[in-house]
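No lab work stands behind these numbers, since they all come straight from the coordinates. All values reported here derive from a predicted model rather than from experimental measurement. Every residue, glycine among them, receives a Cβ derived from its backbone with ideal geometry; neighbour counts consider all protein chains shown.
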Amino acid sequence: MPALHPFSPLAFQSRFSSIKMEKGLSGLVSFFRGRARQGQVALVGAGPGDPELITRKGWQRILEADILVYDALVSQELLDEIPAYIKRIYVGKRKGHHSMSQHDINQLLVELGQQGLKVVRLKGGDPLIFGRVTEEIQALQAAHIPYSIIPGITAAAGCAAGLGFSLTERGIAPRLRLITAHFCDDRDINWADLAKTDETLVFYMGLSKVSTISQELQKHGLPAHWPVLFVENGTHKNERMIKSTLAEMSNCVNSMALQSPTLIYIGQVTLNARSQTETLCSKQAHIG
């Protein structure tokens, strides 16, 4: 296998791993000694996946960066567009596996900033929506590290746009709710408040909670035939759009072998979704 270029992403990540094991995070920042300028951290939203959906300002910050600290939901297509001279550290989290704890990520951002580096903290979607950005901001503020926030297109909006339907509709769904299903206790959710026929619900990180979502919404008043839409790998080339109903959504997840990342849309507006990858894994949903 040919030797890696010293500034390639893989070489840098390998270098970071050995430094971290031998010397901790302080070893990483010593890699950048000699910086006299004041560091800064840009918290940037990468958008829902399609590299063309990152904002112009977000892309400019990436091109100006010394180092990129990025999440699991940042698409490989976007990473492939980023110049190789920009060093990278992967800090992604997947269910059951965290490459780095949130505390260590916070510390890493602070230490890189203290070394005078221009850091981009790249997060999938919009960093302000379920991105744990507050914890990182608080760490930067406590260390007096300048930071900026550049929003991105959140997955709920980006996927809906790609599938040709609106998240809200006058007279049908005037309200929209974005909900993280990654809750610690089912009692943290007011299901009675969510079980309304004039709203669109979008659950992030919901596959492991799909049975609870189905049961609780039906128990609190939504009909069994209420329309549900799954979008797996939204805006990517391997995107799948699958239509189901509230009663059959659990079976749908299993029969279609849905994997993360998958968004779950619930509500009448999903009947307008269209895609060449559309699959119907249950009886036709309806609103009557």
Fill in the blank from the handout: Which residues qualify? For Leu128, with a placed amide H closer than 5 Å and at least 5 residues away or on another chain, they are Gly152
Problem - Integer Hz, Karplus 6.51/-1.76/1.60 couplings in order for the range 70-85, x for Gly and Pro - result: 10, 9, 5, 8, 6, 5, 5, 4, 5, 4, 5, 7, 7, x, 5, 6
Practice task
For the range 48-57, just list the computed ³J(HN,Hα) in residue order, Karplus coefficients 6.51, -1.76 and 1.60, θ = phi - 60°, integers in Hz, with x standing in for Gly and Pro.
Solution key: x, x, 4, x, 6, 9, 6, 6, 4, 5
Exercise for the section: Could you sort 206-212, 172-178, 242-248 so that the peptide with the highest average Cβ count within 10 Å comes first and the rest follow in order? Expected result: 242-248, 206-212, 172-178
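How high is the FRET efficiency from Arg274 to Ser101, r the C-beta distance, R0 41 Å, rounded to 0.05?
0.50
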Completion exercise
HN-Hα couplings for the range 169-179 via Karplus (6.51, -1.76, 1.60; θ = phi - 60°), in whole Hz with x for Gly/Pro, come out as 8, 4, x, 10, 9, x, 10, 10, 10, 9, 10
